[in-house]
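Everything on this sheet refers to the single structure shown next.
The values are calculated or read from the model by the stated rules, or taken from the named source; none is laboratory data. The structure displayed is predicted, hence computed values, not measured ones. Note that we place each Cβ from the backbone using ideal geometry, even for glycine, and neighbour counts take in every protein chain shown.
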Amino acid sequence: MKVRIGSEVREYQTVWMEEDVVCMIDQTKLPFEFSIYRAKNVEEVAEAIRMMKVRGAPAIGVAACYGLAQAALQNRHLPSKELKAFLSKVAAHLLSTRPTAVDMQNMVTRVLGMCEDLNSSDEVAQAALCEARKIAQENLEACRRIGELGSSLIPKNAKVMVHCNPGALGTVDYGTALSIVRFAHAQGKNIFVYATETRPWLQGRLTSWELTQEGIPHCLIVDSAAGYYLQRREVDAVLVGADRILPNGDVVNKIGTYMLAVTAYENGVPFIVAAPTTTFASSSSSVKVEERSSEEITHVKGYNPELGTITHIKIHPNVNARNPSFDLTPSKYVTFMVTEKGIFKPNEIKREL
């Protein structure tokens, strides 16, 4: 992704590995400060995922794979049998940090599978690292392909609405729904983006930051204004990513997605879900919806220009708050699903993938 630092424009990925350190763009500081967080051990990786320094289903999956490889590299002094048992425990710990997104489960399972039949600890460590890097590259290429394919759904002069941050920051690069936006913009389609602020974590600030880096016209709107623009026919398509897609085409995504999908459906606006195939679950077993701290609702984060610091302000006195992070959108509200393998109707997903 493009990152403008002063007069320079540099290319970054969201998460990568340098020797045995897992590096990631610290998304808790954006858009006020661009900085790199360096996790020196797997516990720091797990905490970074839990505290959303890195977020987005594919990005946390890749971060977890790098964390697993890091644990293998730093503990290869152990006998291979003990190392593999240790890695299984590490994997379970990583998976517990964000239980709803399925990419992490699919990706981490792949890394463990590559290590299963190896006899030496050095082989285990190298296999874990190679597979983690392979998964990261596959995600980058999948997201690029999603943009190439999905941009065909966006007409010239379109106004699109994007929820949460389905961008490069939520993947290794390019993004899912925002990859479609990037390619449509590069094709000269003159598009405009409405970015929902996405309470309580305000991921819309990340979408706005990415769009600013790319020079794509946009505006930020409060979540409750989405229906206003949809009803007035000021939106030509709604684009979202996904944290888990079930075999029947139902979509688990950031809280508020269901509300947007129903409103788009009622107003005849196409609702497009973009996700790599790693986001597809193999079964329709009950989905554990992560419920985060109520403090994310009762407190807000902002930038204090006088102090030059990011501060937290309490906006509610003693009040109960519920904070589910995801909801489920039935497939009937989804117009198209865009993956690296093609564009499908929701009822085609099980057969095609």
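Scanning the range 158-169 for residues that are of a type in the set (A, V, I, L, M) and under 22 Å from the mean Cα position of the chain (by Cα) turns up V160, M161, V162, A168, L169.
Matching residues to (1) on the phi > 0 side of the Ramachandran plot; (2) among the polar types (S, T, N, Q):
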position: A142; (1), (2): no, no
position: R145; (1), (2): no, no
position: S152; (1), (2): no, yes
position: N157; (1), (2): yes, yes
position: M161; (1), (2): no, no
position: P166; (1), (2): no, no
position: G170; (1), (2): no, no
position: S179; (1), (2): no, yes
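Just a yes or no: is a residue in the range 22-44 out of contact with any Phe, Trp or Tyr (no Cβ under 8 Å at 6 or more places or on another chain) and under 23 Å from P324 (Cβ atoms)? So far as the range 22-44 goes, yes, one or more of its residues are out of contact with any Phe, Trp or Tyr (no Cβ under 8 Å at 6 or more places or on another chain) and under 23 Å from P324 (Cβ atoms). Reported count of residues in the range 111-133, each being surrounded by fewer than 18 Cβ atoms within 10 Å (Cβ to Cβ) and within 19 Å of the chain's Cα centre (by Cα), is 1. D20 meets each of the listed conditions (1) surrounded by fewer than 24 Cβ atoms within 10 Å (Cβ to Cβ); (2) touching a residue at least 40 places away in the same chain (Cβ under 8 Å); (3) out of contact with any Leu (no Cβ under 7 Å at 6 or more places or on another chain) apart from (3). Put simply, of F271, F336, F344, F326 the only residue that is outside the structural domain of V62 (by TED's automatic domain parsing), free of Cβ contacts under 8 Å to residues at least 12 places away in the same chain and closer than 27 Å to L230 by Cβ is F344.
Evaluation of A132 against the conditions (1) out of contact with any Phe, Trp or Tyr (no Cβ under 6 Å at 6 or more places or on another chain); (2) not assigned by TED's automatic domain parsing to the domain that holds K254 shows that the sole unmet condition is (1). Among helices (runs of 4 or more DSSP H) entirely within the range 191-269, having at least 3 residues that are charged (D, E, K, R) singles out 204-214. For the range 315-335, filtering for residues that are buried (at least 20 other Cβ atoms within 10 Å of the Cβ) and either hydrophobic (A, V, I, L, M, F, W, C) or in a strand (DSSP E or B) (or both) leaves 3. Scanning the range 193-213 for residues that are closer than 17 Å to L230 by Cα and not aliphatic (A, V, I, L, M) yields Y194, T196, E197, T198. Within the range 160-174, the set of residues being touching a Ser or Thr at 6+ places or on another chain (Cβ under 9 Å) and either of a type in the set (D, E, K, R) or assigned to a strand (DSSP E or B) (or both) comprises M161, V162, G167, D173. Of all residues being within 20 Å of A177 (Cα to Cα) and among the charged types (D, E, K, R) in the range 134-157, which is farthest from the chain's Cα centre (by Cα)? Just the residue, please. Among those that are within 20 Å of A177 (Cα to Cα) and among the charged types (D, E, K, R), it is K156.
Do the conditions hold for K301, that is, is it part of a strand (DSSP E or B) and among the charged types (D, E, K, R)? Yes.
In the condition set (1) closer than 17 Å to I60 by Cα; (2) exposed (fewer than 12 other Cβ atoms within 10 Å of the Cβ), A48 is compliant with all but (2).
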